[in-house]
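First up is the structure itself, then whatever we jot down about it.
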Amino acid sequence: MKNLLPGIFVVSVSISMAAASAVAGERPQKAAIASASPLATEAGMEILEAGGNAFDAAVAVSATLGVTEPYGSGIGGGGFWLLHRAHDGFKVMVDGREVAPAAATRDMYLDEDGEPVPRLSVDGPLAAGIPGAPAGWVHLATKYGRLPLSVSLAPAIRLARDGFPATHHMVRNLAYKKELMNRWPAAAEVFYRDGEPPREGELIVQPDLARTLTLLAEQGIDGFYRGDVARKLVEGTRAAGGIWTLDDLASYRVKEREPVVGHYRGTRIVSAPPPSSGGVLIVNALNILAGFELPAMKETTQKHLVIEAMRRAYRDRAEFLGDPDFVDVPMDRLLHPFYAAGQRAGIRMDKATPSDTLPGVVRQVMAGGTQTTHFSVLDREGNRVGGTMSINFWFGSGFMPPGTGVLLNNEMDDFSVKPGVPNGYELVGGDANEIAPGKRMLSSMTPTFLESEDGLAILGTPGGSRIISMVLLGSLARIHDGASATEMVALPRYHHQYLPDAVFFEEQALDGEVRGALESMGHVLRASGRNYGNLQAITWDYETGRIDAAADPRAEGLGLER
Ligand code: DON
């Protein structure tokens, strides 16, 4: 593979060679886990070694990520878990996305003049949706797992109770969100020392979180959504200006969704359906690209066409996508090859299409970082999980109801607060993603499987709406060039999302010649300044038996095969 990020240490380069080759459906010779936190990857391995399957490991990894990366995801947030069960091939996405509380209204973040109140949908308890992550973990464990929650949650409980050393990222993120996090004492007490972040290596101890996790382990869903924890969550949020009720918590339900499926050059893509926009956009972009002989084309043409496919796929996001329980998402149309053929017909080989010449222009801009988190698991039976989980921005709303250890998300900002008004990622939407009680806010989180006769990949990443273009680029590298997990996570990235009408790129993604060529075709290029994303991937190649678990070299994660 050319084009890998130079000079960056790839965290997991160990690649296991199994003695015999495999075919689709056979068992892998090793289990593999990649996640954004070495402690979470180890927690998952511990659970596999204790007799758990990939679904039990997913509970352990998810809950541990919430403890060790409290800035990215956790018990106060939500997530999507894409599952494949080996013995019968059953696939499903467990949707533990947050929902708007019952007292939420379409205009709740607007002032009397109908203008958004700055930061109201981002900071503090009013920004928080009703968490879905704990219900998701219980669902994974009880419906698909083999071990009791007391076992699969044990590593997370231990790390919350006994503490773990603050990493470089942790200290940096705490410094970045110091002002917000020190507004409310419960969070400040856990994460700061006299208002200042700890030093790298100092222990972060979360006793209230350990207690809450223990109640979840002992009582299942009721340990969080009813009883003492629920009461503290509701009292705490309401005392600080929130609108949650006990009924909001008691009525939260996980949803099982049929994954989005598409095909491109002999590979089946299985990905996240609404309320994620990810799977639909990935499959649509690949359907557009399927009309070209991409691998045979020169680099500039390939990149031009990928950018044009992204532009068209992202255009539809704002118009059509939202919670499918509330809006009618035209899935058949958006996923149909004929629809893609129509989109493809407007692409010129020699020129960028100005976004404002595409129909139905809605402003849509975003920036992406490494908040949120993804992990991939493959067990020795061949069960798999791709999980992407979030509390939205760094440390979510920054608000922790006293006595709970639960840092609340600010996922409400993923709704369109007002049609046409950009959210925190400068994403806009229309009616499909307007706020309504009990509704799930539209997401870009895209856990994905790539399946072919030659092998398998499990991948995903944080990064706001750039998640989708990262998963697309990783998928293309896998499908065109047979990229391993190590190669996929290190691949330099570029991104176009319709509006703003610009290509965002990591320095290494476009060389001087390609930049010049793209610019002469009319593309506006914007260097992203710093690298972005935190992709976690597993690949299994049947012919060699090679299994590779790799963490993005841009961050602190770890891939292991064992
Ligand atoms: O669900 C979503 O699309 C967002 N809440 C994800 C946020 C995210 O990836 C932040 N990372 N930069």
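Numbers for the structure displayed
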quantity: Considering residues of the stretch 83-99 that are under 19 Å from the mean Cα position of the chain (by Cα) and of a type in the set (A, V, I, L, M) only, the residue farthest from Leu456 (Cα to Cα); calculated: Val99
quantity: Residue within the stretch 436-450 that is within 16 Å of the ligand (Cβ to nearest atom), surrounded by fewer than 24 Cβ atoms within 10 Å (Cβ to Cβ), not assigned by TED's automatic domain parsing to the domain that holds Met108 and not in a loop (DSSP other than H, G, I, E, B) present; calculated: no
quantity: Some residue of the stretch 544-552 being within 28 Å of Gly266 (Cα to Cα), within 16 Å of the ligand (Cβ to nearest atom) and polar (S, T, N, Q); calculated: no
quantity: Which listed residue is more than 16 Å from the ligand (Cβ to nearest atom) and in contact with a helix residue (DSSP H, G or I) (Cβ under 6 Å, 6 or more places away or on another chain), from His523, His496; calculated: His496
quantity: All positions within the stretch 228-272 that are aromatic (Phe, Trp, Tyr) and outside the structural domain of Ile130 (by TED's automatic domain parsing); calculated: Tyr264
quantity: Residues (modelled with pLDDT under 95, more than 12 Å from the ligand (Cβ to nearest atom) and among the small types (Gly, Ala, Ser)) located in the stretch 393-427; calculated: Ser416, Gly420
quantity: Answer from Ala537, Ala483, Ala555 - the residue that is buried (at least 20 other Cβ atoms within 10 Å of the Cβ), of a type in the set (A, V, I, L, M, F, W, C) and part of a strand (DSSP E or B); calculated: Ala537
quantity: Selected residue (criterion: nearest to the ligand (Cβ to nearest atom)) from residues of the stretch 459-472 that are hydrophobic (A, V, I, L, M, F, W, C) and farther than 15 Å from Met389 by Cα; calculated: Met470
quantity: Options Glu26, Glu98, Glu115, Glu46: the member that is at pLDDT 95 or above and out of contact with any Asp or Glu (no Cβ under 8 Å at 6 or more places or on another chain); calculated: Glu46
quantity: Candidate set: the stretch 369-392, residues that are within 14 Å of the ligand (Cβ to nearest atom) and surrounded by fewer than 24 Cβ atoms within 10 Å (Cβ to Cβ); chosen: the one modelled with the highest pLDDT; calculated: Gln371
quantity: Criterion: within 16 Å of the ligand (Cβ to nearest atom) and small (Gly, Ala, Ser) - qualifying residue of Ala290, Ala296, Ala285, Ala313; calculated: Ala313
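The values are calculated or read from the model by the stated rules, or taken from the named source; none is laboratory data. Since the model is a prediction, treat every value here as computed from it, not as a measurement. Every residue, glycine among them, receives a Cβ derived from its backbone with ideal geometry; neighbour counts consider all protein chains shown.
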